[in-house]
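The values are calculated or read from the model by the stated rules, or taken from the named source; none is laboratory data. Keep in mind the model is a prediction, meaning the values are calculated, not measured. Using ideal geometry, Cβ is built from the backbone for each residue, glycine included, and neighbour counts are taken over all protein chains shown.
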Amino acid sequence: MIAEGVKTYRNYIGGEWRDGSATERLEIRDPANGELVYYCTNSTVEDARAAIAAAKHAFEHTDWSENAVARAKALYKLADALRASLDWLAPLLTREGGKPLAISRAEIMRGADALEYYAGLARNLYGRSINLGPNEMAILLREPIGVVSIITPWNMALSLLTRSLAPALAAGNAVVIKPASLTPGATAEFIRMIDETPEIPKGIVNYVVGPGSTVGAELVKHPDVEMVAFTGDTSTGKEIMRMAADGLKKVSLELGGKSPSVIFPDADFGRAVRSALSGASLWHAGQVCVAGTRILVQESIHDRFIEEARKQAGSLRVGPGLDKSTQVGPVISEGQLNRVLQYVEVGKREAELVVGGHRLTDGELARGYFVAPTVFDRVPVDAKIAQEEIFGPVVSVLTFKDEEEAAEIANATVYGLAAAVYTTDINKAMRLAKKIKSGMVWINTFGRLYPNAEMGGYKQSGLGRSYGLEGLREFTELKHINIQIHDPGRATSRRGDE
Ligand code: NAP
């Protein structure tokens with residue numbers, strides 16, 4: 001039965017809103033209380049193919065790939081539209097994903113910032129030229145790739161979309177977006193802003209909602225897709241790389257993490273503890289890729305740290321994201337709740353529980369998927385909870401003797417997305433920053449991201465870089481155009497034909 005007055009989102013293909021061909025529509029419920037938030041159409045591979053065809057047609061039959069002025073204008077307008085949506089879109093992001101409202105607002109502003117940054121770069125996509133010899137020259141041209149699939153996760157649906165979409169469009173590509181099936185609504189609202197941007201030809205941006213295993217896989221395997229920009233779980237990233245290998249497609253992969261925060265005794269203690277706990281992203285119930293969920297403290301400050309962590313984590317206000325006093329929201333789904341609680345049980349066997357360690361069901365909380373912020377102490381380096389990405393509000397505390405051991409432990413996982421070092425000794429900080437194998441190292445802070453500075457993963461945290469100039473180049477091909485200048489007075493080439 002369909003509830004009356006509840007919104008239904010549809011696919012957007014070739015500039016038209018269309019129902020997907022799957023029979024059952026999706027019901028998106030608020031993870032804080034189980035209430036129905038909206039419906040969304042659901043798709044099959046046929047819809048994915050239609051979206052790819054629309055993107056290919058628009059890429060080949062419009063001037064989008066050659067019209068940098070239009071692309072810049074479009075991205076500036078989208079940034080403005082997104083900012084203007086703040087007051088009504090942030091609550092939707094919170095209702096579909098659970099995060100506190102302030103985080104949803106920050107996410108929208110970050111998305112707008114990325115759009116604006118790449119709007120500026122759209123007209124500055126320079127190649128190079130090389131004077132190869134007396135009568136020969138190379139022009140190295142940056143070109144768009146063609147049809148790009150952008151597949152996004154549910155934890156930061158909008159900022160992770162704009163992080164890929166803005167450079168993909170700035171470079172002149174056509175795209176098909178597949179959002180996570182758990183959170184397609186805020187993305188659909190953003191697609192509406194794209195629909196209302198006249199500089200973007202119809203078909204350049206398409207949006208299809210459907211299961212990753214069918215619709216997502218088609219968006220990777222289809223021969224007309226030239227590149228896949230994926231953000232999500234490491235195991236899904238590996239599967240995507242395997243599927244893309246058949247067509248030798250370009251992939252950009254932003255995957256999971258198990259980031260370390262390393263605290264030395266000479267750090268500003270109060271600041272370091274606050275920053276490291278906030279870096280664990282407890283506010284979004286730990287559901288953030290860069291979350292610093294392994295906190296490494298030098299032995300001499302261990303007891304003091306544990307006392308402070310117990311106090312701070314234990315006093316966080318857990319509740320619905322829409323409630324202004326909430327500091328920690330719910331996890332996204334019942335499946336995620338059970339997964340996190342299983343890890344907590346494993347943690348109780350592997351380590352010492354300091355605080356939390358259970359589901360919260362008092363009063364209204366019983367209707368949602370709330371987990372008490374949890375800290376484990378004396379966690380062995382090879383413990384499951386110290387090695388695997390839990391994506392829940394669970395922090396592991398480990399100790400180290402000296403700088404060398406700190407670096408060893410920091411590097412002792414398959415991940416390498418981010419890290420933080422807290423010390424007032426700049427030499428120590430820089431030595432550690434160089435030793436830690438991760439795409440980002442923060443010093444005396446955590447979680448600062450900028451559209452003009454690259455981020456991405458070492459090891460199994462990903463391939464390629466997002467944000468910055470590198471983030472734009474990911475969405476381009478490089479072509480060498482070689483010119484032999486006819487000059488009757490001089491030899492054509494120093495090296496002859498090759
Ligand atoms: P996920 O399960 O990998 O899903 C991500 C997206 O991939 C969803 O749209 C999903 O569709 C789709 N998908 C699933 N299987 C697929 C397949 N076989 N082929 C193509 N697409 C497929 O990840 P998630 O649970 O949504 O997100 C959490 C993960 O993302 C965490 O591991 C987190 O660390 C990572 N993450 C990384 C970054 C970063 O910047 N490195 C940022 C944010 C999140 P359905 O929704 O329909 O399943």
Some residue of the range 276-291 being without any contact (Cβ under 8 Å) to a residue 40 or more places away in the chain, surrounded by fewer than 22 Cβ atoms within 10 Å (Cβ to Cβ) and away from the ligand (no atom under 16 Å from the Cβ): no
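Only one of these is more than 16 Å from the ligand (Cβ to nearest atom), over 17 Å from Glu352 (Cα atoms), of a type in the set (Gly, Ala, Ser) and out of contact with any helix residue (DSSP H, G or I) (no Cβ under 8 Å at 6 or more places or on another chain): Ala418, Ala410, Ala429. Name it.
Every option except Ala429 fails the conditions.
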Out of Leu463, Leu472, Leu449, sole residue that is more than 16 Å from the ligand (Cβ to nearest atom), touching a residue at least 24 places away in the same chain (Cβ under 8 Å), surrounded by fewer than 24 Cβ atoms within 10 Å (Cβ to Cβ) and over 25 Å from Lys311 (Cβ atoms): Leu472
Yes/no for Ala22 being part of a loop (DSSP other than H, G, I, E, B), among the hydrophobic types (A, V, I, L, M, F, W, C) and closer than 16 Å to Lys178 by Cβ: yes
Odd one out for Gly321 among (1) farther than 16 Å from His284 by Cα; (2) part of a loop (DSSP other than H, G, I, E, B): (1)
Answer from Arg142, Arg128, Arg105, Arg123 - the residue that is under 26 Å from Tyr12 (Cα atoms) and among the basic types (Lys, Arg): Arg105
Tabulated pairs, the range 209-221, first closer than 10 Å to Glu239 by Cβ, second near the ligand (Cβ under 7 Å from one of its atoms) and of a type in the set (Lys, Arg), C-beta under 6 angstrom, 6+ apart or interchain: Gly216/Lys178
Set Glu389, Glu334, Glu364: member being within 30 Å of Pro91 (Cβ to Cβ), modelled with pLDDT of 95 or more, touching a Cys at 6+ places or on another chain (Cβ under 9 Å) and among the acidic types (Asp, Glu): Glu389
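Results for (1) within 7 Å of the ligand (Cβ to nearest atom); (2) within 24 Å of Ala291 (Cβ to Cβ); (3) touching a strand residue (DSSP E or B) at 6+ places or on another chain (Cβ under 8 Å), shown as yes or no for each residue.
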| residue | (1), (2), (3) |
| --- | --- |
| Ala180 | yes, yes, no |
| Thr197 | no, no, no |
| Asp233 | yes, yes, no |
| Met241 | no, yes, yes |
From the options Arg349, Arg294, Arg304, Arg317, residue that is at pLDDT 95 or above, closer than 16 Å to Val397 by Cβ and more than 24 Å from the chain's Cα centre (by Cα): Arg304
